[in-house]
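Participant: First the structure, then my questions, so here it is.
The values are calculated or read from the model by the stated rules, or taken from the named source; none is laboratory data. What you are looking at is a predicted structure, and each value in this text was computed from that prediction instead of being measured. Glycine also receives a Cβ, built like all others from the backbone with ideal geometry; neighbour counts cover every protein chain displayed.
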Amino acid sequence: MSSASKGTGMALAVGLMVMGLLFVTWAIEGPGARGLEWTLAALAGGGVTFGAALRGPLGRAIGKLIEGEDDEQLALRVEELETRLAGMEQRNLTSGEVEAQYVRLAEVEERLDFAERLLTKTSLPPTESQG
């Protein structure tokens, strides 16, 4: 993950938290303009929420982004996928081979239809025109 995308993710997370704090402030102060005490209480409550969020999974995720721990796991995953792709290329299953299997399947279906018609003919009782 590039440093630009890490920075963008962190800025987005912090921005969302700030927007939440502003909403809490607006909700508490409201249309009645209850005063500075309510605004400070809202900011304190929002600060506690912000601190709890940073100590939780969101904070750990931001810490991993900063430290670059996910880069190692990502590199291992890319290596695994490249190995699988190389194996598929060695197997070399081309569209021609797939087409050949479809032709073979169509032939088997025709044989099955023919066998069903034969079984149907032999199991029918004789009609008046035959007897």
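Participant: Quick one: ASP70 ticks every box in (1) modelled with pLDDT of 70 or more; (2) surrounded by 10 or more Cβ atoms within 10 Å (Cβ to Cβ) bar one, so which box is it?
Facilitator: Against the list (1) modelled with pLDDT of 70 or more; (2) surrounded by 10 or more Cβ atoms within 10 Å (Cβ to Cβ), ASP70 comes up short only on (1).
Participant: Tell me whether region 106-115 contains one or more residues that are of a type in the set (Lys, Arg) and at pLDDT below 75.
Facilitator: No.
Participant: Could you tell me whether PHE23 is in a helix (DSSP H, G or I), modelled with pLDDT under 75 and aromatic (Phe, Trp, Tyr)?
Facilitator: yes
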